[in-house]
Amino acid sequence: MRHKLLIVLLSIFAISSAQTKPTQKWLDQKFSMFIHFGLYSEYGGVYDGEPVKRGYSEQIQSFAGIFSDWYAATAYEFNPTEWNADSVVSLAKDAGMRSIVLTSKHHDGFCMYHSRYTPFNIVDATPYGRDLMKELADACRRGGIEFGVYYSLIDWHFPQAYPISSHNADPITPQHFEFNMNQVREIMTNYGDISEIWFDMGSLTLQQSKQLYELVDELQPNCMISGRLGNDYVDFSVMADNEYPDYKLGVPWQTAASIFNETWGYRSWQERGSVEDKVDEKIKSLIKVISRGGNYLLNIGPRGDGSVVEFESDVLQQIGEWVTINSEAIYGSTANPFHDVYQWGDITAKESALYLFVEETPSTGEILLSGYEGRVDEVKVLGYNQACNYTETRDGLKIYLPTLDSKDIPVLKVSFKDEFKVKPYNIVQSGMLSHHNALHTYGHSSQDYYGGYKSLIGYDWNFSSRRNRVKPTIYFSENEIGKLVSISIDETEQQVNLTNENATTMYLPKGSVKWGALYSKRGRGVFGYIEEEQGELISKDAIEDSWTPIQGFSYGEKQEMNLRPRGSMLLMQEIVSSKNQTIAVEVGSGNAVYILLNGEYITAHFSPQRKEWQKETVLLPLKKGDNQLVIKYFNRFEDKLYYSIQPMDSWQIYSQQIQPVDLSKNKTHKVSLRLAQPISKVSPLRLNNVEIKVF
């Protein structure tokens, strides 16, 4: 027990020590180049004269079933003489990219740098004979942009590593971990300043993630560490491949994207289509990322001879033309400050300006911007110095769009005479502050690649009151007992340790709830993927097509099913309520669980301790009539999946008064709820049962 406590305390110290990161320079990069280049590039997605159409081309050794010695012999032919580091840097700069991230070593174990720990590297094993990564790092410094590295935590060439598997998320053996530590140490030591290290795949223990994190942090304190290191050791979260979140993130994050979703490494037979269409697609992706506050890492895959594919070069050049015109709206900007997404497009912001990316022009030729306070000074089209006519009305700012010759997405700059403010949104005027009327802030937690998910890390509320002083009370269930939370009201912050001193028993009114049909279906994708999260009930047609009815389910009993690791199962429980009311259920789960009510997120969490069984009380605010409870059970590490659901006739609610707070003179006030000492910046709150009384 003492040993486990020590690990937790060390984890808190290690992760909190990184709070000096990220640097503003990293946050302001916005747009960077990813390069997947390695021995696999020599194949170009073709083996034995046939296109390998299964899987990513950089993993051709696995998907084509190439013997390890045959694959290793490819190094004798790998001679990328057409590679020019300075030209690649120039291309990145022309595209408007502020950094480059190179695959130092991918899953095949082949190193694109001179590693002293394996001869399977570009200097010792190929006729090229030069340290390509060092040349690129030096070229980046000459070109004035940042340099980062990708490093695969799995290795199909290292003898003491796990062999090739279908999923690339195997454990790391002690010998392999020592090898990884040695290689990361030499990368962090011999290649100058590294802006970020992009770990990938594998399934590390808590201690392994901790040691690698601390190694990088010690040798390069400003180097940003990707969340795919696992176990929530993270400086910046990484979405799933080519994923674009549609929710607000409160942590540094990045989307890594490939020109074609099907591959990252070079694929000679790829159908490339129109350059113009691809440019439009990737500009829209860039906008989507930066308007949500993230960085966009767009990949190229050079040929085996080192040359850049002309299609990819053309795409980047044309993106760069648009970025140059609209750079003011991109670099150094912050995310859309509004809580709504407009149908016409996205927004970024600076201190006294808003930048409107008009992706869909309404047939009326005008757009409306609402929800702000401030005096508009000017509206113009960036890059064209063309003023827009506008009218300020009670509904907001109505902008009349000019006719432009360019087919590119226009960006409008709305300048204010002074600073602007976003009007308070979703103002609560009575009742309780709860999960369901809060504004949610998310992180992206990652125990490993398959254990990545949207983790809720903060609640914010706006409430109106004429009082000068409030005496708040916090209500919670047994799940929250012992947690140290931070509650901010206006400018006053308090830390509160939730105790079990004041309990009230709640009862479910008899006959007010009917538990209806129960269905199941097989889960898909990574843990965080759940297609039912749509904010609405699942239709009857969808239920008939995809779900299987369960007969004779034993509520409250621990169930088990044979399910391979990385597998998941969903249950959907229909509930009919005679009125609007809150009920309680007890949910039993294994490694991880994701819970929705009527298509809306309730909670999601993944056990870093790899628990095979845990139970929790979940409060459900039912609406009158039909409701649906959807639970995704995820098995990451066990041979079986354990699960249960127990409707509760009674449950305990605890209450605790906190210190009175003097309110500001504003009519609207802000409340924030966070964990006071989260183990990681992406650790889920798990405070979904908490309510706060301020009225």
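Every number in this text was worked out from the coordinates using simple rules, so none of it is lab data. These numbers were taken from a predicted model, which means no experiment stands behind them. Neighbour counts are summed over all protein chains in view; Cβ atoms, including those assigned to glycine, are modelled from backbone coordinates with ideal geometry.
What ranking do TYR459, TYR266 get, fewest neighbouring Cβ atoms within 10 angstrom at the top? Could the numbers behind the result be given before it?
Working: TYR459 23, TYR266 27.
The most exposed by this proxy come first: TYR459, TYR266.
Got a sec? How would LYS30, LYS282, LYS624, LYS665 order by Cβ neighbour count within 10 Å, fewest to most?
Numbers: LYS30 23, LYS282 20, LYS624 11, LYS665 6.
By the 10 Å Cβ count, ascending: LYS665, LYS624, LYS282, LYS30.
R0 = 41 Å: FRET efficiency of THR205 with LYS248, Cβ-based, nearest 0.05?
Details: r = 32 Å, r/R0 = 0.77.
Rounded to the nearest 0.05, the efficiency is 0.80.
Quick one: putting +1 on the C-beta of Lys and Arg, -1 on the C-beta of Asp and Glu, what dipole do you get for the range 512-563 around its Cα centre, in Debye to the nearest 20?
Details: 6 positive and 9 negative charges, 41 e Å.
Around 200 debye, computed over the range 512-563.
Enumerate the amide H contacts of PHE34 below 5 Å, restricted to partners 5 or more residues apart or on another chain; note that Pro and chain-start residues carry no placed amide H.
Excluding prolines and chain starts, which carry no amide H, the hits are VAL101, LEU298, ASN299, ILE300.
In the chain, which helices (entire DSSP H runs) extend 15 Å or more along their own long axis, judged by Cα positions, while averaging at least -1.0 on the Kyte-Doolittle scale? Walk me through the intermediate numbers first.
Values: long enough: 2-16 (21 Å, 1.62); 132-143 (16 Å, -0.39); 174-190 (24 Å, -0.96); 206-219 (20 Å, -0.54); 275-290 (22 Å, -0.03); 310-325 (23 Å, 0.01).
Counting only whole DSSP H runs, the qualifying helices are 2-16, 132-143, 174-190, 206-219, 275-290, 310-325.
Taking the Cα centre of the chain as the origin and placing charges on Cβ (Lys, Arg +1; Asp, Glu -1), which of SER486, GLY396, SER327 is farthest toward the positive end of the dipole?
Of the options given, the answer is SER486.
Treating the beta-carbon of each Lys and Arg as +1 and of each Asp and Glu as -1, no other charges, what is the dipole magnitude of the range 147-304 about its Cα centre, to the nearest 20 debye? Could you put the intermediate results ahead of the total?
Details: 12 positive and 21 negative charges, 62 e Å.
In total the dipole reaches around 300 debye.
Could you tell me which residue out of ALA517, SER607, VAL618 lies farthest along the dipole of the range 513-648 toward its positive end? Charges go on the beta carbon: Lys and Arg +1, Asp and Glu -1, centred on the Cα centre.
SER607
First measure r as the distance between the Cβ atoms of ASN666 and LEU219, then evaluate 1/(1 + (r/R0)^6) with R0 = 60 Å and state the FRET efficiency to the nearest 0.05.
Values: r = 47 Å, r/R0 = 0.79.
Once rounded, the FRET efficiency stands at 0.80.
How would THR603, THR393 line up from fewest to most surrounding beta-carbon atoms within 10 angstrom? Walk me through the intermediate numbers first.
Details: THR603 21, THR393 10.
Final ranking by Cβ density, sparse to dense: THR393, THR603.
For the chain, what does the helix formula give at 222 nm: sum of -39500 (n - 2.57) over DSSP H segments with n ≥ 4, over the residue count, nearest 500 deg cm²/dmol?
Working: 11 runs with 121 residues, N = 695.
So the calculated ellipticity at 222 nm is -5500 deg cm²/dmol.
Which of the peptides 193-204, 303-314, 514-525 is most tightly packed, and how do the rest follow, going by the mean number of other Cβ atoms within 10 Å of each residue? Kindly include the intermediate steps, with their values, before the conclusion.
Numbers: 193-204: 23.5, 303-314: 17.7, 514-525: 14.7.
Answer by packing, highest mean first, reads 193-204, 303-314, 514-525.
With Cβ to Cβ distances under 9 Å as the rule, what net charge do the other residues near ASN231 carry (K, R +1; D, E -1)?
Values: positive: LYS210; negative: ASP232, ASP448.
Counting the neighbours of ASN231, the net charge comes to -1.
Can you give me the relative contact order of the chain as a percent, contacts being Cα pairs under 8 Å and 6 or more apart? Intermediate results must be reported in sequence, preceding the final value.
Details: 1579 pairs, mean separation 92.6, N = 695.
The normalised contact order for the chain reaches 13 percent.
In whole Hz, with x marking every Gly and Pro, tabulate ³J(HN,Hα) for the range 527-536 from phi via Karplus 6.51 cos²θ - 1.76 cosθ + 1.60, θ = phi - 60°.
For the range 527-536, the Karplus-derived couplings read 3, x, 8, 8, 5, 6, 7, 10, x, 7 Hz, x marking Gly and Pro.
About its Cα centre, what dipole magnitude does the chain give when the only charges are +1 on Lys and Arg Cβ and -1 on Asp and Glu Cβ, stated in debye to the nearest 20?
Details: 68 positive and 86 negative charges, 553 e Å.
That gives the chain a dipole magnitude of about 2660 debye.
Sequence-distant or interchain residues sharing an amide H contact under 5 Å with TRP253, placed H: which?
SER237, ASN295
Using the Cα gyration tensor of the range 29-325, with a ≥ b ≥ c the square roots of its eigenvalues, what is the shape: rounded (a/c below 1.5), prolate (a/b larger than b/c) or oblate (neither)? Display every interim value, and only then the final one.
Values: a/c = 1.38, a/b = 1.11, b/c = 1.24.
Because its axes are fairly even, with a/c under 1.5, the range 29-325 counts as rounded.
Pop the C-beta distance of TRP613 and GLN657 into the FRET formula with R0 = 35 Å and round what comes out to the nearest 0.05.
Details: r = 35 Å, r/R0 = 1.00.
Computed FRET efficiency for TRP613 and GLN657 comes out at 0.50.
Extending each Cα 7 Å along its Cβ direction at SER90 and LYS423, get the distance between those two points in nm, one decimal.
Computed distance between label sites SER90 and LYS423 equals 5.2 nm.
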